[in-house]
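Colleague: One structure is given below, represented as structure tokens, and several questions about it will come after.
The values are calculated or read from the model by the stated rules, or taken from the named source; none is laboratory data. No experiment lies behind these values; they were computed from the predicted model shown. Here the Cβ positions follow ideal geometry from the backbone for every residue, glycine too, while neighbour counts run over all protein chains shown. Ligands, DNA and RNA are stripped out before the accessible areas are found, and what is left, the full protein with its side chains, is counted by its heavy atoms. Shrake-Rupley method; radii C 1.70, N 1.55, O 1.52, S 1.80 Å.
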Amino acid sequence: MEQRAAREESPACACCGEPAVVYQLVTRRHLCGTHLVLDVEERVRATIQETGQISPGDRIAVGLSGGKDSTALLVILSRLLPAWPGASLVAITVDEGIAGYRADTMRAAERLTEWLGVEHRIVSFRELIGDDLDALLLGRETQACTICGILRKKALADAARAAGATAIATGHNLDDEAQSVLMNAFRGDLPRLVRTTGTGTSPVFLPRIKPLMAIPEKEIASYLFVQDLFSVLPECPYTKYALRAEVRTLLSDYECRHPGTMQHLIESKRTIEKYCAGTPVMEPLHRCRECGDPCSGDLCQVCRLRHSLLE
Ligand code: SF4
Ligand code: ZN
């Protein structure tokens, strides 16, 4: 009787009439767990297809932190992969060396790759630059995410190349992409605004793909939750220094009141990109004079960082 009352109270799924678990702000649809899973996977497949992110025979290195976005990415890609004959996956986890945070997410990453039967490689900041992030940050904690981001990108790229990957997939979702547009606009950083594309077409970088870039963060969490794949994991202790945290709150509040805002920000970015094509902002990248990695100046960010950490 109580169950029946609960069924009657919850909104019905727009596809089958069963009780809904999620409301999509933009499409204004309620969906049940089954149809949410189908819908998310179909939108990821469509994004990959429309943007040509995966081709037959590709070897995709998936950046797997063990958190919800990268977990959903690996689950979805392992289900969709048979659509591209000969394509394969390798998961790469970067251990930054953050006490009280990384151990749990590393275990989650190991369990997931075992369950999915995906090859898993682990690389660390200690191997890359000789020390853990915690030690590197002593006295410069406020720069945590900048330093971590530069080193993680390098560790992931090196590990992907070593694994013979043809592309790197990351779990950036719609919220992340919209936040990046806004953060770069706040900083007045036009080159970065137009260079952080979803498909990574630069000839000098291993292509970076973002198959979840059209899916809102909330739907990714629900996608995992309805399949019993959601785990509550500790938060990185340096999150409090991240500008992104402020932008996330601001933007999700705005999206709630004005659905479609995040999508509009991404569309604005694409328009700016088109106008910038062929201008100095889109100048081709050079090679770092010390390590040969692609960069926009004389030294790449990792080599610059190495110098500043040694000073
Ligand atoms: Fe690195 Fe910042 Fe993310 Fe922590 S919050 S893992 S320091 S980027
Ligand atoms: Zn360099």
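Colleague: Under a 5 Å amide H to amide H cut-off, with H placed in plane at 1.01 Å, what residues pair with Ser124 once short-range neighbours are removed?
Modeller: So Ser124 has HN proximity to Asp95.
Colleague: For region 17-57, compute the orientation-averaged projected area of the C-alpha convex hull (one quarter of its surface), in nm².
Modeller: Working: hull surface 14.9 nm².
The directionally averaged projection comes out at 3.7 nm².
Colleague: For helix 301-310, report the angle its Cα long axis makes with the longest principal axis of the Cα atoms of the chain; keep it between 0 and 90° and round to the nearest 10°.
Modeller: 60 degrees
Colleague: Follow-up. Compute the relative contact order of the chain as a whole-number percentage, counting only Cα pairs closer than 8 Å that sit 6 or more residues apart in sequence.
Modeller: 18 percent
Colleague: So, one more: Relative to the longest principal Cα axis of the chain, at what angle does helix 261-276 sit, 0 to 90 degrees, rounded to 10?
Modeller: Around 40 degrees separate the two axes.
Colleague: From zero up to wherever the largest Cα-Cα distance of region 25-93 sits, split into 10 Å bins and tell me the percent of pairs in each.
Modeller: Computed distribution, short to long bins: 18, 47, 28, 7.
Colleague: Here's something else I'd like to know. For region 246-296, give the magnitude of the charge dipole about the Cα centre (Cβ charges: +1 Lys/Arg, -1 Asp/Glu; no others), in debye to the nearest 20.
Modeller: About 120 debye.
Colleague: Please get the size of the charge dipole for region 105-203, origin at its Cα centre, with Cβ charges of +1 on Lys and Arg and -1 on Asp and Glu, quoted in debye to the nearest 20.
Modeller: Dipole of region 105-203, to the nearest 20 debye: 260 debye.
Colleague: Considering the options Ala178, Phe230, Ser55, tell which one lies farthest towards the positive end of the dipole of the chain, charges being +1 on Lys and Arg and -1 on Asp and Glu at the Cβ, about the Cα centre.
Modeller: Ser55
Colleague: For region 231-283 and region 108-129, what is the centre-to-centre distance using only Cα atoms, to the nearest Å?
Modeller: Taking the Cα centre of each part, region 231-283 and region 108-129 sit 28 Å apart.
Colleague: Further question on the same structure: What does the highest-first list of 213-226, 75-88 look like by mean Cβ count within 10 Å?
Modeller: In descending order of packing, they fall as 213-226, 75-88.
Colleague: Now a separate question. Given 10 Å bins starting at zero, what is the percent of C-alpha pairs of region 140-251 in each, up to the one with the largest pair distance?
Modeller: 12, 36, 40, 12, 0
Colleague: Follow-up. Determine the equivalent ellipsoid of the chain by diagonalising the alpha-carbon gyration tensor, then write out the semi-axes as square roots of 5 times the eigenvalues, largest first, rounded to whole Å.
Modeller: 33, 23, 21
Colleague: May I ask you to evaluate 6.51 cos²θ - 1.76 cosθ + 1.60, the Karplus curve with θ = phi - 60°, for each residue of region 139-146 and list the ³J(HN,Hα) values in order in whole Hz, giving x for glycine and proline?
Modeller: x, 9, 4, 5, 9, 3, 6, 5
Colleague: Averaging over all projection directions, find the projected area of the Cα convex hull of region 222-308 and quote it in nm² with one decimal place.
Modeller: Result: 10.0 nm².
Colleague: Let me ask something else about it. With all pairs of different alpha carbon atoms counted, what Kirkwood hydrodynamic radius in Å does region 42-178 show?
Modeller: 15.7 Å
Colleague: Amide H of Asp293 versus every other amide H placed in the peptide plane: which residues, excluding those fewer than 5 positions away on the same chain, fall under 5 Å?
Modeller: Residues meeting the amide H criterion: Cys288.
Colleague: Amide H of Ile209: which non-local residues (sequence gap of 5 or more, or other chain) have their own amide H closer than 5 Å, using H built in the peptide plane?
Modeller: For Ile209, whose amide H was placed from the backbone, the distant partners under 5 Å are Ile168, Ala169, Thr170.
Colleague: Ordered by packing density, taken as the mean number of other Cβ atoms within 10 Å over each peptide's residues, highest first, how do 184-193, 150-159, 291-300 rank?
Modeller: Result, highest mean Cβ count within 10 Å first: 150-159, 291-300, 184-193.
Colleague: Of all the C-alpha pairs in region 37-77, what % are more than 15 Å from each other?
Modeller: Value for region 37-77: 48 percent of Cα pairs lie more than 15 Å apart.
Colleague: Another question about this same structure. Where nothing but the Cβ of Lys and Arg (+1) and of Asp and Glu (-1) is charged, how large is the charge dipole of region 48-184 around its Cα centre, in debye to the nearest 20? Don't skip to the end; give the middle numbers.
Modeller: On the way: 13 positive and 18 negative charges, 50 e Å.
About 240 debye.
Colleague: Keeping the other protein chains in place, figure out the carbon and sulfur percent of the accessible area of the chain, with a 1.4 Å probe.
Modeller: Percent of accessible area from carbon and sulfur atoms in the chain: 54.
Colleague: Work out, in µm²/s and without decimals, the Stokes-Einstein translational diffusion coefficient of region 90-167 at 10 °C, 1.306 mPa s, Rh from Kirkwood over C-alpha pairs.
Modeller: 120 µm²/s
Colleague: Within the chain, count lysine pairs with alpha carbon atoms under 24 angstrom apart where the residues are 8 or more positions apart or belong to different chains.
Modeller: Close lysine pairs found across the chain: 15.
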